[in-house]
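Here's the structure, in structure tokens; my notes come after.
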Amino acid sequence: MYTVYILYSISTNRYYVGHTQYLDNRLQRHNAGRSKYTKAGIPWKLMYKETFETKSEAYKRECYIKAQKSRRFIEKLINE
């Protein structure tokens with residue numbers, strides 16, 4: 001199973017969208033500063049997740065969410 005996830009950083013007031021096979025491990029890596037893009041936003045909080053059977057499906061969904069380029073779209077997704 002693969003997971004598309006959305007994280008939120010209170011310190012930077014930003015969202016981050018990604019996908020992974022091991023969500024708990026990936027969240028730990030984000031909060032340990034081991035990801036260049038998310039290092040400045042520590043701590044990150046998991047706000048949303050969706051699971052998929054294949055990596056390809058998860059990647060397509062991640063790309064779709066990012067392509068919206070809309071904070072409003074992300075917040076609507078989280079609040080549904």
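The values are calculated or read from the model by the stated rules, or taken from the named source; none is laboratory data. What you are looking at is a predicted structure, and each value in this text was computed from that prediction instead of being measured. Cβ placement follows ideal geometry from the backbone for every residue including glycine, while neighbour counts extend to all protein chains displayed. All accessible areas refer to the heavy atoms of the entire protein, side chains included, with ligands and DNA or RNA removed. Shrake-Rupley method; radii C 1.70, N 1.55, O 1.52, S 1.80 Å.
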Legend entry - Among residues of the range 40-67, those that are more than 14 Å from the chain's Cα centre (by Cα), open to solvent by 70 Å² or more (accessible area, probe 1.4 Å) and either under 16 Å from Tyr5 (Cβ atoms) or modelled with pLDDT of 95 or more (or both), counted: 3
Inset, instruction - Any residue in the range 2-26 that's in contact (Cβ under 8 Å) with a residue 24 or more places away in the chain and under 14 Å from Tyr59 (Cβ atoms): show its pairings with residues that are open to solvent by 50 Å² or more (accessible area, probe 1.4 Å) and aliphatic (A, V, I, L, M) at Cβ separation under 8 Å, as long as the two are six or more apart or on different chains. - result: Tyr5/Leu46; Gln21/Met1
Legend entry - Residues within the range 22-80 that are under 18 Å from Ile10 (Cβ atoms) and among the acidic types (Asp, Glu), tallied: 1
Legend entry - Any chance Tyr5 is in a helix (DSSP H, G or I) and either of a type in the set (A, V, I, L, M, F, W, C) or surrounded by 11 or more Cβ atoms within 10 Å (Cβ to Cβ) (or both): no
Inset, instruction - Tell me, yes or no, whether the range 53-63 has at least one residue that is of a type in the set (Asp, Glu) and assigned to a loop (DSSP other than H, G, I, E, B). - result: yes
Legend entry - Members of the range 8-39 found to be of a type in the set (Gly, Ala, Ser), modelled with pLDDT of 95 or more and part of a loop (DSSP other than H, G, I, E, B), listed by number: none
